[in-house]
Amino acid sequence: MVRLGWVPILDSATLAIHEAGHPIVGMLLGERMMVYGGSMFQLIFPAVFGWYFAHNDQALGYCFSLSWEAASLHNLGAYVADSRAQALPLAGNGDRIHDWNEILGRWNLLNWDHALGGALSAASWFLVACCFFMLWSLWKVRKTSNVPNH
């Protein structure tokens with residue numbers, strides 16, 4: 001599902017979290033919901049870390065979590081956009097299903113795969129811009145707070 005993207009080590013961790021989400025959601029919410037579990041988990045995990053860092057006033061940790069969420073959205077966008085073509089390699093053996101082909105097929109939205117994937121990709125770039133803005137703001141605050149008052 002995940003191709004080499006922005007941060008390969010994060011991509012690998014996100015893939016593991018994605019794959020773990022399928023059986024966990026399947027056990028909790030039933031087999032029909034299992035297909036949603038991977039994408040849910042890959043978006044929820046970075047968000048939980050972001051929430052933790054935000055509530056503990058750890059701005060750099062929050063920026064890291066936000067960039068992880070952006071990378072996850074970027075990969076998810078590629079996966080959604082691949083729904084009809086199913087050209088991306090999937091994790092596991094050959095009998096795997098393409099999650100988003102099934103999901104969009106259930107909702108009769110398969111023809112929207114490129115638009116939805118593009119929207120997720122655009123959201124990922126928006127988060128990257130937010131990260132850069134936050135880091136720049138932190139830098140400006142630290143720069144001005146280190147200036148001695150005369």
Counting only residues in the stretch 23-39 that are buried (at least 18 other Cβ atoms within 10 Å of the Cβ) and free of Cβ contacts under 8 Å to residues at least 60 places away in the same chain, the one farthest from Leu116 (Cα to Cα) is identified as Val25
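Residues checked against (1) at pLDDT 95 or above; (2) hydrophobic (A, V, I, L, M, F, W, C); (3) part of a loop (DSSP other than H, G, I, E, B); (4) touching a helix residue (DSSP H, G or I) at 6+ places or on another chain (Cβ under 7 Å):
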residue: Ala87; (1), (2), (3), (4): no, yes, yes, no
residue: Arg96; (1), (2), (3), (4): no, no, yes, no
residue: Val128; (1), (2), (3), (4): no, yes, no, yes
residue: Cys131; (1), (2), (3), (4): no, yes, no, yes
residue: Met134; (1), (2), (3), (4): no, yes, no, yes
residue: Ser137; (1), (2), (3), (4): no, no, no, no
residue: Asn149; (1), (2), (3), (4): no, no, yes, no
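Which of the following residues is farther than 27 Å from Ile9 by Cβ and in contact (Cβ under 8 Å) with a residue 24 or more places away in the chain: His74, His114?
Only one candidate passes the filter, namely His114.
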Return yes when Ala47 is surrounded by fewer than 16 Cβ atoms within 10 Å (Cβ to Cβ), modelled with pLDDT of 90 or more and over 13 Å from the mean Cα position of the chain (by Cα) and no when it is not.
no
Condition test on Ala20, is it touching a helix residue (DSSP H, G or I) at 6+ places or on another chain (Cβ under 8 Å), aliphatic (A, V, I, L, M) and part of a loop (DSSP other than H, G, I, E, B)?
no
Give me a count of the residues in the stretch 54-77 that are at pLDDT 95 or above and surrounded by fewer than 20 Cβ atoms within 10 Å (Cβ to Cβ).
2
Exclusive hit being within 23 Å of Leu120 (Cα to Cα) and part of a helix (DSSP H, G or I), set Leu15, Leu28, Leu60
Leu15
Show the residue pairs meeting these rules: Cβ distance below 7 Å; 6+ apart or different chains; first residue within the stretch 93-107 and under 14 Å from His22 (Cα atoms); second residue among the polar types (S, T, N, Q) and modelled with pLDDT of 95 or more.
His98/Ser83; Asp99/Ser39; Trp100/Ser83
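The values are calculated or read from the model by the stated rules, or taken from the named source; none is laboratory data. Note that the coordinates shown come from a computational prediction; the quantities given were computed from them, not determined experimentally. In this analysis, Cβ positions are derived from the backbone assuming ideal geometry, glycine residues included, and neighbour counts consider all displayed protein chains.
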